[in-house]
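Heads up: the structure comes next, in structure tokens.
Taken together, the values in this text are just the output of simple stated rules run on the coordinates, not laboratory data. The structure presented is a predicted model; accordingly, all values stated were derived computationally and were not measured. Glycine also receives a Cβ, built like all others from the backbone with ideal geometry; neighbour counts cover every protein chain displayed.
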Amino acid sequence: AQTVTQSQPEMSVQEAETVTLSCTYDTSESDYYLFWYKQPPSRQMILVIRQEAYKQQNATENRFSVNFQKAAKSFSLKISDSQLGDAAMYFCAYRRPSNSGYALNFGKGTSLLVTP
Amino acid sequence: GAVVSQHPSWVICKSGTSVKIECRSLDFQATTMFWYRQFPKQSLMLMATSNEGSKATYEQGVEKDKFLINHASLTLSTLTVTSAHPEDSSFYICSARHVYNEQFFGPGTRLTVL
């Protein structure tokens, strides 16, 4: 089974500072997708960033970037210039291969608190 | 962007009754839809994968007779919780897979069974 582990239940960051959320995963596949999702209090899942395993370049979306270490099976999310609106639950997710329907396996999540 | 809706957003029912939750992809066709369950302050757990025109594939430990899934069209999947009990109270989230394999999530349905 492809498991996803987020070891930080809660993190706190001051506004305008940078924070890194950790994620590790386990898989025997060579090509796969990884995602970070944000879930604000509304509980709507919002895609933050995606990374395809065969691409060596780390994905970046504005203030959000990842550090993808394929050999170590590590996929951390860095949020720069944190804003109050970044406060939410963040889930790391692994997309199962096609023979498993492309469903997502989620980590347990990290609750991010942003302080003024 | 692609939009997925869920209806109802919130439902309260009595123990022993059945509740149906709809998941619709509004502006794209989804050959595959997924149903997740989320308990308070916990992660999303996949319940089943629903393919249009075929039987759903349930995750281990999910009772297929309790959680009936129907995917009758390329834009609609339904989850029916049969003979609901208080322990079925949860937040149910669907997602729909776009042709390029990205998933889009519905806003979720909060089910409370009294």
| query | Roughly how many nanometres apart are two label points built 7 Å out from the Cα toward the Cβ at A:Thr3 and A:Ser111? | reply | 2.4 nm
| When the label point is put 7 Å from the Cα of A:Ser28 along its Cα-to-beta-carbon vector, which residues of segment A:53-73 have a backbone N closer than 20 Å? | A:53-54, A:70-73
| Can you give the % of DSSP beta bridges in chain B that are antiparallel, to the nearest 5? | 90 percent
| Cysteines not pairable in chain B (beta carbon separation under 4.7 Å absent) | B:Cys13
| task | Beta carbons within 10 angstrom, averaged per residue: use that to sort the peptides A:62-75, B:25-38, highest first. | result | B:25-38, A:62-75
| Residue-wise, which Karplus ³J(HN,Hα) couplings in Hz belong to segment A:23-32, taking 6.51 cos²θ - 1.76 cosθ + 1.60, θ = phi - 60°, and x for glycine or proline? | 7, 10, 8, 9, 7, 9, 6, 9, 10, 6
| message | Which of A:Gln14, A:Gln51, A:Gln39 ends up with the largest GNM mean-square fluctuation for chain A, with Cα atoms connected below 10 Å? | response | A:Gln14
| remark: Whole-Å distance linking the alpha carbon centroid of segment B:57-88 with that of segment B:94-114 is 13 Å
| Hey, got the average number of other protein chain Cβ atoms within 10 angstrom for residues in A:89-97? | 2
| said: I'd like the per residue volume of the convex hull spanned by the Cα atoms of chain B, given in cubic angstrom. | reply: 95 Å³
| message | Taking beta carbons within 10 Å but only from partner chains, what does the mean come to for residues A:99-110? | response | 5
| Candidate lysines for bridging to A:Lys70, where Cα separation is under 20 Å - those fewer than 8 sequence places away on the same chain excluded | A:Lys55, A:Lys78
| request: Determine the shielding of peptide B:38-44 by partner chains: average, over its residues, the number of Cβ atoms on other chains within 10 angstrom of each Cβ. | output: 5
| said: Taking the Kirkwood radius as the inverse of the mean 1/r across Cα pairs, report the Rg/Rh of segment B:14-60. | reply: 1.02
| task | Please identify every one of the GluC sites (Glu not before Pro) in segment A:10-51 that sits in a loop by DSSP and has no more than 16 other beta carbons within 10 Å of its own beta carbon. | result | A:Glu15, A:Glu17, A:Glu29
| What's the Kirkwood radius of chain A in Å, using all Cα pairs? | 14.3 Å
| note | Rounded to the angstrom and largest first, Cα extents along the principal axes for the protein assembly as shown equal 50, 39, 33
